[in-house]
Amino acid sequence: MADEKTRRTVAQIPLLKTHAGPRERALWPQRLKEEYQVLIQFVEQNKKADNDWFRLESNADGTRWTGTCWYIHELLRYEFRLEFDIPVTYPTTAPEVTLPELDGKTAKMYRGGKICLTEHFAPLWARNAPRFGLAHLMALGLGPWLAVEVPDLVSKGLVLHKDQRSGEVKN
């Protein structure tokens with residue numbers, strides 16, 4: 001079961017109405033418009049809650065997304081490149097989020113830096129497809145993954161803060 005904070009977060013993310021993926025040329029622009037609207041609303045809500053933690057942008061047809069995400073741990077910001085492609089079976093199938101810098105650093109990741117969302121997120125997506133979208137992927141998939149994995153990777157010395165990599169430590 002999800003905790004109360006997660007339930008509140010999800011309740012604030014609108015569900016999408018258009019059931020279309022990239023193969024449905026007539027409906028995909030409408031779905032993409034909904035995705036952008038919900039993502040913008042989610043980012044604004046995060047900023048108001050002082051919880052801004054990612055940036056995303058897509059290619060022209062909305063099938064390839066790139067950006068950055070970050071996690072604050074012990075007052076240090078750890079930032080990672082983020083990318084994913086929209087699967088041809090979207091929205092039935094969730095995108096596979098890739099964090100290339102973390103490839104091979106944790107067991108909760110597949111080859112190529114794809115984060116493992118099969119245990120917790122995939123069943124949730126399956127129950128809620130096609131109403132879930134990219135904002136849900138970020139809030140319920142990547143966000144919790146970062147919250148669990150980044151502190152663990154930092155404690156094992158597998159991820160260093162950018163200032164520690166350059167040899168100096170700033171507060």
Would you please name the residue that is modelled with the lowest pLDDT, looking only at residues in segment 3-43 that are part of a helix (DSSP H, G or I) and over 19 Å from the mean Cα position of the chain (by Cα)?
Glu4
Residues in segment 122-129: is at least one open to solvent by 70 Å² or more (accessible area, probe 1.4 Å) and either touching a residue at least 40 places away in the same chain (Cβ under 8 Å) or polar (S, T, N, Q) (or both)?
no
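Quick grid of which residues meet (1) modelled with pLDDT under 95; (2) closer than 25 Å to Leu32 by Cα; (3) of a type outside the set (A, V, I, L, M):
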{"position": "Pro87", "(1), (2), (3)": "no, yes, yes"}
{"position": "Leu99", "(1), (2), (3)": "no, yes, no"}
{"position": "Thr106", "(1), (2), (3)": "yes, no, yes"}
{"position": "Arg111", "(1), (2), (3)": "yes, no, yes"}
{"position": "Arg165", "(1), (2), (3)": "yes, no, yes"}
For Thr68, indicate whether it is touching a Pro at 6+ places or on another chain (Cβ under 8 Å), among the hydroxyl-bearing types (Ser, Thr, Tyr) and touching a residue at least 12 places away in the same chain (Cβ under 8 Å).
no
Checklist (1) surrounded by 14 or more Cβ atoms within 10 Å (Cβ to Cβ); (2) not small (Gly, Ala, Ser); (3) not in a loop (DSSP other than H, G, I, E, B) applied to Arg55, failing item
(1)
Reported set for segment 58-75 where residues are over 18 Å from Val43 (Cβ atoms) and open to solvent by 40 Å² or more (accessible area, probe 1.4 Å) is Asn59, Ala60, Asp61, Arg64, Glu74, Leu75
Any residue at all in segment 75-97 that is closer than 27 Å to Glu4 by Cβ and out of contact with any Phe, Trp or Tyr (no Cβ under 9 Å at 6 or more places or on another chain)?
yes
On the given criteria, is Leu142 part of a strand (DSSP E or B), of a type outside the set (Asp, Glu) and open to solvent by less than 10 Å² (accessible area, probe 1.4 Å)?
no
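The values are calculated or read from the model by the stated rules, or taken from the named source; none is laboratory data. Predicted, not measured: the structure shown is a model, and the values here were computed from it. As a convention, Cβ positions derive from the backbone with ideal geometry for all residues, glycine included, and neighbour counts pool all protein chains shown. All accessible areas refer to the heavy atoms of the entire protein, side chains included, with ligands and DNA or RNA removed. Shrake-Rupley method; radii C 1.70, N 1.55, O 1.52, S 1.80 Å.
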